[in-house]
Amino acid sequence: MDNREKTAIVFMADGMEMCECLITVDILRRAGVKVITASVMKDRTVTASHQVRIEADVLAADADFAAADIIILPGGRVGTENLAASDIVTGQCSRYAGDSSRYVAAICAAPSVLSGIGILDGRKATCHPDFSEKVQAGSSISDGNADISPLVTLTHESVTVDGNIITGQGLGATMDFALCITEILAGKETADGIAAATCYRYR
């Protein structure tokens, strides 16, 4: 395994699901991953879905995407809408998805961002059940062609990994999602150790 320090950029937006964001940040930092939280809003402070204000490390425009190994999108209905509206988010997701040495991860409603720009076309993925149709339709929605056959195979699992794309189902799957990313970046022994230390039964 590559022993250099791994770096993750976690996008933050108004309306995001706070726990999906912060649990993932917490677990990755326990694993020794350098985590940078990046706000896609006009300033670094975002208001999460339950009105908790959180300050990101940087604005997304100032994040060093060239140095990161993975970008991560937390869910939340409104948060996902704000992520989808960000050219930085969609542009970097497309760039990372096309680079087999990097990863893109999204949970809950956020896989719909990846689906809408074609990243999930022909892949397996999972998402919150409320977003199943939107994710399954893939890039056909943006083409205005919603009647074609599904482009994305939904697994309905807690976490699905297809190549360099990692998707999670929802808040209840956040620990599995975070530990799966940890295993990929830092190894199974590290992921298992964190699971044991937090009294969590990781798969």
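The values are calculated or read from the model by the stated rules, or taken from the named source; none is laboratory data. In this text the structure is predicted, and so the values were computed from the model without any measurement. Cβ coordinates were reconstructed from backbone atoms using ideal geometry, including for glycine residues, and neighbour counts include every protein chain displayed. Ligands, DNA and RNA are stripped out before the accessible areas are found, and what is left, the full protein with its side chains, is counted by its heavy atoms. Shrake-Rupley method; radii C 1.70, N 1.55, O 1.52, S 1.80 Å.
Give the number of residues within the range 59-102 that are surrounded by fewer than 17 Cβ atoms within 10 Å (Cβ to Cβ), in a loop (DSSP other than H, G, I, E, B) and of a type in the set (A, V, I, L, M).
So the answer is 1.
Have a look at Thr160, Thr155 and point out the one that is under 30 Å from Cys199 (Cα atoms), of a type in the set (Val, Ile, Thr) and over 14 Å from the mean Cα position of the chain (by Cα).
Residue meeting the stated conditions: Thr155.
So which of Ile166, Ile181, Ile119 is part of a helix (DSSP H, G or I) and closer than 27 Å to Lys6 by Cβ? Steps first, please.
Working: Ile166 fails: part of a helix (DSSP H, G or I); Ile119 fails: part of a helix (DSSP H, G or I).
Among Ile166, Ile181, Ile119, only Ile181 is part of a helix (DSSP H, G or I) and closer than 27 Å to Lys6 by Cβ.
The rows are residues; the columns are (1) out of contact with any helix residue (DSSP H, G or I) (no Cβ under 9 Å at 6 or more places or on another chain); (2) assigned to a loop (DSSP other than H, G, I, E, B); (3) open to solvent by 70 Å² or more (accessible area, probe 1.4 Å); (4) in contact (Cβ under 8 Å) with a residue 40 or more places away in the chain.
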{"position": "Ala38", "(1), (2), (3), (4)": "no, no, no, no"}
{"position": "Met41", "(1), (2), (3), (4)": "no, yes, no, yes"}
{"position": "Val46", "(1), (2), (3), (4)": "no, no, no, no"}
{"position": "Ile54", "(1), (2), (3), (4)": "no, no, no, yes"}
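So, in the range 124-137, how many residues would count as being in contact with a strand residue (DSSP E or B) (Cβ under 9 Å, 6 or more places away or on another chain) and open to solvent by less than 50 Å² (accessible area, probe 1.4 Å)?
5
Residue under question is Asp69, and the condition is that it be touching a Ser or Thr at 6+ places or on another chain (Cβ under 6 Å) and not β-branched (Val, Ile, Thr); does it hold?
Values: touching a Ser or Thr at 6+ places or on another chain (Cβ under 6 Å): yes; not β-branched (Val, Ile, Thr): yes.
So Asp69 fits the description; yes.
What tally of residues in the range 173-203 results from selecting those that are within 15 Å of the chain's Cα centre (by Cα) and either of a type in the set (Ser, Thr, Tyr) or exposed (fewer than 14 other Cβ atoms within 10 Å of the Cβ) (or both)?
Residues meeting the conditions: 2.
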